[in-house]
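Before any comments, here is the structure.
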Amino acid sequence: MSDWVIEARGLRKSFKGQPVLTGLNLEVPAGSIFGFLGRNGAGKTTTIKLLMGFLKPDCGDARVFGLPAGDSSAGLEIRRRLGFVTEDKEMYPDMTVEQIIRFTRGFYPKWRVDLEQHYLTLFDLACRKISDLSKGMRSRLMLLLAISHGAELLILDEPTEGLDPVAREDMLRELVAISASEGTTIFFSSHQLEEVEQIADRVCIIDDGAAVVAGSLDDLKTQYQRLRVVFAEELRTPVRWGEGVEHVRQDGRTVDILASGNVEAIINQARSFPGASVERFPVTLKEIFLQHVRSD
Amino acid sequence: MIFYLNPSTGQPLYLQLMEQIRHAVETGALKAGDQLPTIRKMAEDLVMNPNTVVRAYRELQHEGIIELRHGSGVFVSESVGGRTRVTKKAQTIVQSALDRLADLGLTEDEIRRLFENELAQHRPGKASGGDHE
């Protein structure tokens, strides 16, 4: 058994000759809240479908709970142990909330009535018809269903999409609470970098079907720094900066550097120029994201 | 005690939380033996990752500022009293230095930059010029 709840190695998938995943690696540790980021069309939804066993990879290996996701009997077991909340929140509009709960409960022997009742009250969902629910309430209903069947892993495809700021904060608070109280691993895709920054402890940014940045968010924020070097006079030849420099912009005597590591050595290098001063600034997830995916 | 984090400053959240707790202890807002919220409560109140709270608490425990007592919660260490006295002493030194700098006509920003520059120069190991990988 590996320590990863989700583990993917070299995943490749093409549709009609168009590559969507081009060798994706993914490692999601148990108990983490994992933010999965990328532009539209980067391959996020395809990845989720592969993990759920709804699609088979052309090549590579995807495991959930250590089980092969592409295998049909393992896929069944995987889907029983995880909860899935999709982007498109259409579901049986004619049913009431109680009816869909009863309907869903039938599939899961380990249904948690305590959690069901807790979230029914907390989310104020009792005695309502699904067609009358707002978008935010539907997300909560899907979350209630996913949590109540005792999911060890929640896979959420843009869980806060279309929610107003209050509903969004409530949703984030619930995810944090579930993670803290049940130890549930949460894997969610999102375009809202601020919310990922707020609740995720790990992130993966994918671009063109492969991971371009992955790791602990706190570690990334420590490694990435922006440096502003002001030289005593304008440089006649550009500096050959050491390792870790991702991006350099020069304006007269001022040079702006985005570094992804090795910051102390870069600062020492800058200070080796007589009269140079260096200031350092923290880098946000948005800056890291833009640096790695904007190029095309 | 009310804590406030800003996820979009770029500063790691566990460091922000550590700094605020440390500051609360140094200024005496939190005293030896005071109880801090549980990991779950802190995570829910601040809407932040529980693992990040764990990381902040662990590091503060390592620094001897708080104690994690199994089953009963998180408390400010009994040993922080001495540290608070040192901080109080340091505060008067900084205050008198600030007064003198202000007398020279320096602005707040200028003082801050000077301080940061001097601190950076002062960093141990800096002069060796060695590469840390």
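The values are calculated or read from the model by the stated rules, or taken from the named source; none is laboratory data. Because the structure is predicted, anything quoted here is derived from the model rather than measured. In this analysis, Cβ positions are derived from the backbone assuming ideal geometry, glycine residues included, and neighbour counts consider all displayed protein chains.
Laid out as a table, the results:
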{"read-out": "Conditions (1) farther than 26 Å from A:L37 by Cβ; (2) without any contact (Cβ under 8 Å) to a residue 12 or more places away in the chain; (3) not hydrophobic (A, V, I, L, M, F, W, C); number of the one not met by A:E234", "value": "(2)"}
{"read-out": "Hits in the stretch A:87-103 (condition: surrounded by fewer than 17 Cβ atoms within 10 Å (Cβ to Cβ) and not aromatic (F, W, Y))", "value": "A:E87, A:D88, A:E90, A:M91, A:P93, A:D94, A:M95, A:E98, A:Q99, A:R102"}
{"read-out": "Within the stretch A:113-159, considering residues that are in contact with a Leu (Cβ under 7 Å, 6 or more places away or on another chain) and hydroxyl-bearing (S, T, Y), the one farthest from A:I186 (Cα to Cα)", "value": "A:Y119"}
{"read-out": "B:E26 being in contact (Cβ under 8 Å) with a residue 60 or more places away in the chain, at negative phi and in contact with a Ser or Thr (Cβ under 7 Å, 6 or more places away or on another chain)", "value": "yes"}
{"read-out": "Checking B:H62 against (1) modelled with pLDDT of 90 or more; (2) surrounded by 14 or more Cβ atoms within 10 Å (Cβ to Cβ), the condition it does not meet", "value": "(2)"}
{"read-out": "A:E7, sole failed condition from (1) within 24 Å of A:H149 (Cβ to Cβ); (2) touching a residue at least 60 places away in the same chain (Cβ under 8 Å)", "value": "(2)"}
{"read-out": "Long-range neighbours under 8 Å by Cβ, at least six apart or interchain, first residue free of Cβ contacts under 8 Å to residues at least 40 places away in the same chain and not assigned by TED's automatic domain parsing to the domain that holds A:S277 within the stretch A:237-263, second of a type in the set (D, E) and surrounded by fewer than 12 Cβ atoms within 10 Å (Cβ to Cβ)", "value": "none"}
{"read-out": "Members of the stretch A:141-179 found to be among the charged types (D, E, K, R) and either in a helix (DSSP H, G or I) or touching a Gly at 6+ places or on another chain (Cβ under 9 Å) (or both), listed by number", "value": "A:E152, A:D164, A:R168, A:E169, A:D170, A:R173, A:E174"}
{"read-out": "Flag if A:A210 is in the same structural domain as A:G38 (by TED's automatic domain parsing), farther than 29 Å from B:Q16 by Cβ and of a type in the set (A, V, I, L, M)", "value": "yes"}
{"read-out": "Top-ranked residue of the stretch A:173-189 - restricted to ones that are surrounded by 22 or more Cβ atoms within 10 Å (Cβ to Cβ) and not β-branched (V, I, T), ranked as farthest from the other protein chains (Cβ to nearest Cβ)", "value": "A:S189"}
{"read-out": "Scope the stretch B:46-59; condition surrounded by fewer than 21 Cβ atoms within 10 Å (Cβ to Cβ) and either among the β-branched types (V, I, T) or facing another protein chain (nearest Cβ under 9 Å) (or both); matching residues", "value": "B:V47, B:V54, B:R55"}
{"read-out": "Residues (among the small types (G, A, S) and within 13 Å of chain B (Cβ to nearest Cβ)) located in the stretch A:260-278", "value": "A:G261, A:A265, A:A270, A:S272, A:G275, A:A276, A:S277"}
{"read-out": "Any hit, the stretch B:19-41, residues being within 14 Å of another protein chain (Cβ to nearest Cβ) and under 15 Å from the mean Cα position of the chain (by Cα)", "value": "yes"}
{"read-out": "Filter result (within 11 Å of chain B (Cβ to nearest Cβ) and surrounded by 19 or more Cβ atoms within 10 Å (Cβ to Cβ)) within the stretch A:279-296", "value": "A:V283, A:T284, A:L285, A:I288"}
{"read-out": "All positions within the stretch A:199-208 that are buried (at least 23 other Cβ atoms within 10 Å of the Cβ) and either modelled with pLDDT under 95 or farther than 19 Å from A:L153 by Cα (or both)", "value": "A:I205, A:I206"}
{"read-out": "Among (1) buried (at least 23 other Cβ atoms within 10 Å of the Cβ); (2) touching a residue at least 60 places away in the same chain (Cβ under 8 Å); (3) not in a helix (DSSP H, G or I) - the single one A:V20 does not satisfy", "value": "(1)"}
